[in-house]
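Student: Have a look at the structure that comes next, please.
Just so you know, all these numbers are worked out from the coordinates, no wet-lab data involved. Since we're looking at a predicted model, the values are computed, not measured. In this analysis, Cβ positions are derived from the backbone assuming ideal geometry, glycine residues included, and neighbour counts consider all displayed protein chains.
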Amino acid sequence: MESVNTYRAGPDEEGHFGMFGGRYVAETLMPIILDLEQAWKDAKNDPSFQAEIDHWAKHYIGRPSPLYYAERMTEHLGGAKVYFKRDELNHTGAHKINNTVGQILLAKRMGKKRIIAETGAGQHGVATATVCAKVGLPCIIYMGAKDIERQAPNVFRMKLLGAEVVPVTSGSHTLKDAMNEALRDWVTNVESTFYIIGTVGGPHPYPELVRVFQSVIGREAKEQMLEAEGRLPDTLVACIGGGSNAMGLFHPFLDDKDVNIYGVEAAGFGVDTDKHAASIAGGRPGVLHGMRTYLLQDDDGQIIEPHSISAGLDYPGIGPEHAWLADVGRVNYVAATDDEALEAFQLCTRLEGIIPALEPAHALAHVMKIAPDLPRDHLICMNMCGRGDKDVFAVAEALGVKL
Amino acid sequence: MSDTRIDRRFAALREEGRAGLVAFVTGGDPDFDLSCQIVDGLPGAGVDVIEIGMPFTDPMADGPTIQVASQRALRKGMTLRKTLDLVRHLRQSDSDTPVVLMGYYNPIYSYGNDAFLRDAREAGVDGLIIVDLPSEEDSELCVPALDAGLNWIRLATPTTDAKRLPAVLGNASGFVYYVSITGITGAGSADPRAVGEAVQRLKARTDLPIAVGFGIRTPDQAADIARVADAAVVGTVFCKAVEDNLDADGNGTQACVDSVLSLARDLAHGVRNARS
């Protein structure tokens, strides 16, 4: 492990986490990226900005989310004591809203009149459409045509919330193409428009600001675990697509050296197949969507379409800070397959009465692998970052059940 | 740095008192062999600078026409190595026409920056336009490219204000590519008068020639730009000409080549007669 005094100092002035991150965008966007950076610097040092976020968090999102002792899951696994950080109880059903609230308030500070966003599973799209409805700004959501088919309920929710959902038929018709299309919109409407990115990715300063907005998860978890157990957890586990829920949980703990941290990528059919979405396990460094990070790519540097049963993890890259944390060895990146996630999904539903989203079902699959061999006083905190209502159709199909 | 083919070509255009035509075609579209014929034919059609697009799966700054052109090329097995082969092939018959490669950074990064710069130079490439490498990332590829004797062509846009301009012009060489609209390739066209004013603003800050692109489709539009700038860049319509001449199975035909070259002749005619 590389020896550093703190793992929480990044990014540097140019937005780099080690060799990762940066600002790899078209010149048209550079002035607005620099404006955003300035607005972000001002906002994060302004106590009234944080106070406004706190107010929304309490009264609109419903924070703090509980830290829940999963007693029957713990008994079933027969080892470590398993806690869930219940971010699936947030308004709109996932952690995504922590970020969209922060960004919409930033957009308002910058006087922007139009909001765009990309979405894969639709959770970030719903969370963006929700805050746009609340502040009364027009909202355009770019979504791959394939994902629109897979996630019809979320598409309808976004439309009910007043958003325009634009089907993306370029490239492979999924999340990465939706992000390309959102960037094309931004280049075209750069003066009026604020782009709400949904994960700890994209050009600097997005990875940092999304992390800051999501870190409320880890800050609460730390406090709640101290209250419940009188000490910090021994192990943190979270799933990773772009990595925003994981970064939100991990970041406040990065300098607590005794806390083991696991990020769980989506292994699809297996990381040794060509159908997965595990960019750290199966990718190599490259540049896409404004950042250098681990990417799934072929020998020519062309981006490979990922696969996961979870549309929210179906992305060929990962946030640059995760790429750095992998390289310096602070966080262990592992993977869970579609089948393992499906098993965890069903087990959690039956044992705890909680239907998890397929995304955190990947995290739970890893908990199921490690908990049995750990002592009973070992504390695991897993981020239950979304609820599974949106996934029941996909799960039914995977299990061969006709609804 | 020493003169490049680009410097020499723009000096010659100044001597002739006319603007140049920069033609963008996607490398390997509709397939490698037909793409070779297109590139080889461009100088004879009156094109002054050849810009070859390096296909990429995720071309964030391009409109639908160039996106599908890149996908066609990739489906036929196009790679960055083969794009360099296109240039090598051209150099067998033409040693004067400047060639600029335009595209996105990841395929180059994947190839290896040093190896790419060496191979590009050896193949006969003269300059690079890398859309997603702004001046903030100059140490990455721009400075090494200049050291390797290649021109680094920077994009300036309507959002490039006076504060931003020094950063944009800092390491620019060869020419400056003024993107006349905020938007993607193939979108609407800009008002020639506004373009003329923007070119004058740039000229007040740099001695480099100014080429103007995005949204130029017809010989008349090219001529309008040729009256106010040092060159007009045309791209999307060439990709469209390829697209319109595919066979029923989506494969390239000789008509793709003929159509692109005929269009190039018309556009060159427009540009050459603009100031007379």
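Student: Between A:Val401, A:Gly353, A:Ile304, whose Cα lies farthest towards the positive end of the dipole of chain A when Lys and Arg beta carbons carry +1 and Asp and Glu beta carbons carry -1, centred on the Cα centre?
Tutor: A:Gly353
Student: If all Cα-Cα distances of the protein assembly as shown are sorted into 20 Å bins from 0 onward, what percent lands in each bin, rounded to whole numbers?
Tutor: 19, 49, 26, 6, 0
Student: Also, I was wondering about something else. Looking only at the protein assembly as shown, where both bridge partners belong to it, what percent of the DSSP beta bridges are antiparallel (to the nearest 5)?
Tutor: Bridges in the protein assembly as shown that DSSP calls antiparallel: roughly 20 percent.
Student: Mind jotting down the distance between the C-alpha centroids of the range A:1-46 and the range B:52-80, whole Å?
Tutor: When both Cα centres are located, 30 Å separates them.
Student: Let me ask something else about it. What's the longest uninterrupted piece of chain B once you rule out the trypsin sites (Lys or Arg not before Pro) that are loop residues per DSSP with at most 13 other Cβ within 10 Å?
Tutor: B:1-162
Student: Turning to a different aspect of this structure: For the range B:160-194 and the range A:247-289, compute the distance between their C-alpha centroids and round to whole Å.
Tutor: So the separation of the two Cα centres works out to 38 Å.
Student: Next up: Mind telling me which of A:Lys390, A:Lys81, A:Lys113 comes out most flexible in a GNM of chain A, alpha-carbon contacts under 10 Å?
Tutor: Of A:Lys390, A:Lys81, A:Lys113, the most mobile in the Gaussian network model is A:Lys113.
Student: List the GluC sites (Glu not before Pro) in the range B:1-71 that DSSP assigns to loop (not H, G, I, E or B) and whose Cβ has at most 10 other Cβ atoms within 10 Å. Which are they?
Tutor: none
Student: Next up: Rounded if a/c is under 1.5, else prolate if a/b beats b/c, else oblate: with a ≥ b ≥ c from the C-alpha gyration tensor eigenvalues square-rooted, which is the range A:204-293?
Tutor: oblate
Student: Label-point separation (nm) for B:Arg275 and A:Lys402, each offset 7 Å from Cα along Cα-to-Cβ?
Tutor: So the label points at B:Arg275 and A:Lys402 sit 7.4 nm apart.
Student: Evaluate peptide B:166-179: per residue, the Cβ atoms of other protein chains within 10 Å of its Cβ; return the mean as an integer.
Tutor: For this peptide, the per-residue mean of nearby foreign Cβ atoms is 1.
Student: Next question, about the same structure. If the chain between B:Glu15 and B:Arg121 were fully stretched, how many nm would it gain, using 0.36 nm times the residue separation less the Cα-Cα distance?
Tutor: Contour length minus Cα-Cα distance gives 35.5 nm.
Student: Could you size up the charge dipole of the range B:5-272 around its Cα centre, putting +1 on the beta carbon of Lys and Arg and -1 on that of Asp and Glu, and report it in debye to the nearest 20?
Tutor: 500 debye
Student: Using a ≥ b ≥ c from the Cα gyration tensor of chain A (square roots of the eigenvalues), is it rounded, prolate or oblate, where a/c under 1.5 gives rounded and otherwise the larger of a/b and b/c decides, a/b for prolate?
Tutor: Rounded, because the longest to shortest axis ratio a/c is under 1.5.
Student: Hey, what do the phi angles of the range A:115-125 turn into as Karplus ³J(HN,Hα) couplings, whole Hz, using 6.51/-1.76/1.60 and θ = phi - 60°, x for Gly and Pro?
Tutor: Karplus-based 3J(HN,Hα) across the range A:115-125 equals 10, 10, 7, 9, 8, x, 6, x, 5, 5, x Hz.
Student: Now for a separate question. If you count the DSSP beta bridges with both ends in chain A, what percent of them are antiparallel, to the nearest 5?
Tutor: 30 percent
Student: Would you calculate a helix-derived [θ] at 222 nm for chain A, using -39,500 (n - 2.57) for each DSSP H run of n ≥ 4 and dividing by the full residue count, to the nearest 500?
Tutor: -12000 deg cm²/dmol
Student: Efficiency by 1/(1 + (r/R0)^6): what FRET value for B:Arg88 and A:Asp46, r their Cβ-Cβ distance, R0 = 51 Å, to the nearest 0.05?
Tutor: It comes out at approximately 0.35.
Student: Would you compute, from DSSP H runs of 4+ residues alone, the mean residue ellipticity of chain B at 222 nm, taking -39500 (n - 2.57) per run and dividing by the full residue count, rounded to the nearest 500?
Tutor: -14000 deg cm²/dmol
Student: Let me ask you something else. Share of Cα-Cα pairs in the range B:5-272 beyond 34 Å, in percent?
Tutor: Cα-Cα pairs in the range B:5-272 separated by more than 34 Å: 9 percent.
Student: Still on this structure, please answer the following. Given an 8 Å cut-off on Cα distances and at least 6 residues of separation, report the relative contact order of the range B:5-272 as a percent.
Tutor: RCO, the range B:5-272: 24 percent.
Student: What ranking, highest mean first, results for peptides A:247-255, B:34-42 when packing means the other Cβ atoms within 10 Å averaged over each residue?
Tutor: A:247-255, B:34-42
Student: What is chain A's relative contact order, in percent, from Cα pairs under 8 angstrom and six or more apart in sequence?
Tutor: In percent, rounded to a whole number, it is 21.
Student: Using a ≥ b ≥ c from the Cα gyration tensor of the range A:271-401 (square roots of the eigenvalues), is it rounded, prolate or oblate, where a/c under 1.5 gives rounded and otherwise the larger of a/b and b/c decides, a/b for prolate?
Tutor: Oblate shape, in that a/c is at least 1.5 and b/c is the bigger or equal ratio.
Student: For every other residue with a beta carbon closer than 13 angstrom to the beta carbon of A:Val155, add +1 if it is Lys or Arg and -1 if Asp or Glu, then tell me the sum.
Tutor: Local charge sum for A:Val155: +2.
Student: How many partner chain Cβ atoms sit within 10 Å of a residue's Cβ in peptide A:17-28, on average, as a whole number?
Tutor: Mean partner-chain Cβ count within 10 Å for A:17-28: 6.
Student: Per residue of A:286-292, count partner chain C-beta atoms within 10 Å of its C-beta, then hand back the mean as an integer.
Tutor: 5
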